[in-house]
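Below: one structure, written as structure tokens.
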Amino acid sequence: MSKLKILTFSSLFPNVAMPSFGVFVENRLRHLVESGEVEARVVAPVPWCPGAYKNYQAAPAQEIRHGIEVVHPRYLTAPGIGMYIQPWTLYRAALPVLRRIIRDGYDFDLIDAHYFYPDGVAATWLGKALGKPVVITSRGTDLTLIPNYGLPRRLIQQGIKDADGLITVSGSLRDKLLELGAPVDKPRVLRNGVDLGMFQPLDREAIRARLGITGTTLLSVGYLIPRKGNEITVGALPDLPDVTLLLAGTGEDEGMLRKLAADLGVADRVRFLGAVAHHDLADYYNAADILVLASSREGMANVLLEAIACGTPIVGSPIPGMDEVVDPPESGVIMTSRTPKACAEAVAKLLANMPDRAATRAYAESLSWDATTKGQLDLFRDILAKRPDGYPGQARV
């Protein structure tokens, strides 16, 4: 059977200048390609605006990542109005690129789009222009926040109708699609998986000694931005004596968090690690006793899966989708509310009855990428089989 040819389209994709940005999209694609049943190219547009988005501008026009060709066309956006113009500017920037890719010999079978708005909406327009089916994967705020705005909501609802397939990374996001009018049988839940080779139990004591970590240690991984709720975790420390918190990430909240830690008298127990490369996170997961995720909303946070794959249990906020990962006792505890007090209580509860790290790892082994890869292949083939020309290698009746 010939390989399926897909074109992955998303502005959430790593590049040489921002190697951890959107790494969850790249990871899923890598495992799909490793199945041996798919070829892929990637179009990952980056925003352009005079005097803004400087980090993005360091991305090359084209690069090879893990053997996959990636193109980074620039699309126009602007602070304040970007949300409203991005579907159109993404479409205008990407259409000539996709046409060139086809003209140069890669006539892909399907567009695999990630993040519903603006990327998925623009992808449906690209699909119509090129006569290609489109599958959109929803990942979090594209359904939990953006539909609160009138125009984006209407465009998302039209995208739901126009897309040939819909994927969500959690059951709670599937429910959001249904609320927005998706037919009950259209969305498929294909949760993020975890690389069990990259994230696994290591020599914990040796790592702690190398990193200078002693005593009971909490870890938070992610951008230091309001949505991640790191002030809740820092605020829990006064009720958790002798507990240290490691914050892996950078962002606009760093100054506020440093001041909060100082005001609470816990600054000596909060370590700001800055940006940590994705491949180095396994060391910190292994070194920590507990990963804390106090977010106000998530799709399916990869840090949860990565931590439990390293044998580290979770304290998570009570948000939709959290109980889809933090479920059996060996996976951790969910806070009763998103408050410092509830966070401290959940940490204390877990510390009083810590699961065996081997049991936590064993649970993670049921969460590999295998099921997600199979689900994607099944969906892509189902969609292509309904088209007049079928798909490469399909048996003719």
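In table form, for the structure just shown:
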{"read-out": "Distant-in-sequence amide H partners of LEU245 (H built 1.01 Å from N, under 5 Å)", "value": "LEU218, VAL270, ARG271"}
{"read-out": "Global geometry of region 1-127, whether rounded, prolate or oblate, following the gyration tensor of its Cα atoms and the 1.5 cut on a/c", "value": "prolate"}
{"read-out": "Rounded to 10°, Cα long-axis angle of helix 121-130 versus longest principal axis of the chain", "value": "20 degrees"}
{"read-out": "Share of carbon and sulfur in the accessible heavy-atom surface of the chain [1.4 Å probe, %]", "value": "52 percent"}
{"read-out": "Förster radius 25 Å - calculated FRET efficiency between LEU377 and LEU145 (Cβ-Cβ, nearest 0.05)", "value": "0.25"}
{"read-out": "Over 26 Å between alpha carbons, listed pairs LYS3/LYS176; LYS5/LYS186; LYS228/LYS374", "value": "LYS3/LYS176; LYS228/LYS374"}
{"read-out": "The chain: antiparallel DSSP beta bridges as a percent of all, rounded to 5", "value": "15 percent"}
{"read-out": "Value of relative contact order over the chain, rounded to a whole percent, pairs C-alpha under 8 Å and six or more apart", "value": "14 percent"}
{"read-out": "Angle in degrees between helix 254-263 and the longest Cα principal axis of the chain, rounded to the nearest 10", "value": "20 degrees"}
{"read-out": "MRE, 222 nm, helices only [DSSP H, n ≥ 4, -39500 (n - 2.57), over the chain, to nearest 500]", "value": "-11000 deg cm²/dmol"}
{"read-out": "Sorted peptide list for 282-291, 191-200, criterion being average Cβ within 10 angstrom, highest first", "value": "282-291, 191-200"}
{"read-out": "Those trypsin sites (Lys or Arg not before Pro) in region 234-333 that DSSP places in a loop and that have at most 10 other beta carbons within 10 Å", "value": "none"}
{"read-out": "HN-Hα J in Hz across region 204-220 - Karplus 6.51, -1.76, 1.60, θ = phi - 60°, x for Gly and Pro", "value": "4, 5, 5, 5, 4, 5, 5, 8, x, 9, 9, x, 5, 10, 9, 10, 10"}
{"read-out": "Angle between the chain longest axis and helix 150-162 axis [Cα atoms, degrees, rounded to 10]", "value": "60 degrees"}
{"read-out": "Å² of accessible area per residue within region 316-368, as computed with a 1.4 Å probe and no ligands counted", "value": "48 Å²"}
{"read-out": "Accessible solvent surface per residue of region 1-83, calculated while the other protein chains remain in place, 1.4 angstrom probe, Å²", "value": "43 Å²"}
{"read-out": "Separation between Cα centres of region 258-314 and region 92-139, rounded to whole Å", "value": "35 Å"}
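The values are calculated or read from the model by the stated rules, or taken from the named source; none is laboratory data. Bear in mind that the values here come from a model prediction, so they are computed numbers and not experimental data. Methodologically, a virtual Cβ is constructed for each residue, glycine included, from the backbone with ideal geometry; neighbour enumeration extends over all protein chains shown. With ligands, DNA and RNA removed, areas are computed over all heavy atoms of the protein, side chains included. Shrake-Rupley method; radii C 1.70, N 1.55, O 1.52, S 1.80 Å.
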